[in-house]
Amino acid sequence: MTRDEYEAHRRRLADELRAAIELAEEGHRARMQALDLAWQAAAPGVPLPAGTPKPVAKRHRRPGELTAEIRGLLPRLPQVFSKEDLLPLFAEPPERASLFRALQELIWDGFLRQEQRGRGRNATTYRQTPRTQST
């Protein structure tokens, strides 16, 4: 083994250690948040210990509510837009899967069409159809 191979191997091991530590910390944070949620559910009137961020419970929308909400936001969007343009307009951001399902419903209903499919870091873009402006 040469000196360069040795150094490269040491760097790789250090990188793997950092990645493992990050994953462990992320898992720990998720378990702590789940514990905090369980604590609040079991004892609604009892405050969380000091320094604990309050867990944020997401609001569940009724069937069709998100699709209607997006239709109401379409006039505020450019003709061609992506989810990055849409997300800041929500008072409460929807779940990712729910957002894409609602956008797909708007495509099926003729309010949108997929302009360009997303790939990698490039988001899918949607184009508003003439039906969007007429309703």
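The values are calculated or read from the model by the stated rules, or taken from the named source; none is laboratory data. Only a predicted model underlies this, so the values are computations on that prediction, with no experimental measurement involved. Neighbour counts run over all protein chains shown; Cβ positions are idealised from the backbone, glycine included. For the accessible areas, the whole protein counts, side chains as well, though only heavy atoms, and no ligand, DNA or RNA atoms are used. Shrake-Rupley method; radii C 1.70, N 1.55, O 1.52, S 1.80 Å.
So residue 68 ticks every box in (1) more than 25 Å from residue 131 (Cβ to Cβ); (2) hydrophobic (A, V, I, L, M, F, W, C); (3) assigned to a helix (DSSP H, G or I) but one. Which box is left unticked?
Only one criterion in (1) more than 25 Å from residue 131 (Cβ to Cβ); (2) hydrophobic (A, V, I, L, M, F, W, C); (3) assigned to a helix (DSSP H, G or I) is unmet by residue 68, namely (1).
Among the numbered conditions (1) assigned to a helix (DSSP H, G or I); (2) loosely packed, with under 10 Cβ neighbours inside 10 Å, tell me where residue 45 comes up short.
(1)
Return the pair list, or none, for Cβ contacts closer than 6 Å from residues in the range 60-83 that are farther than 14 Å from residue 104 by Cα to residues that are open to solvent by 50 Å² or more (accessible area, probe 1.4 Å) and assigned to a strand (DSSP E or B), at least 6 apart or on different chains.
Short answer, once both residue conditions are applied: 80/115; 80/127.
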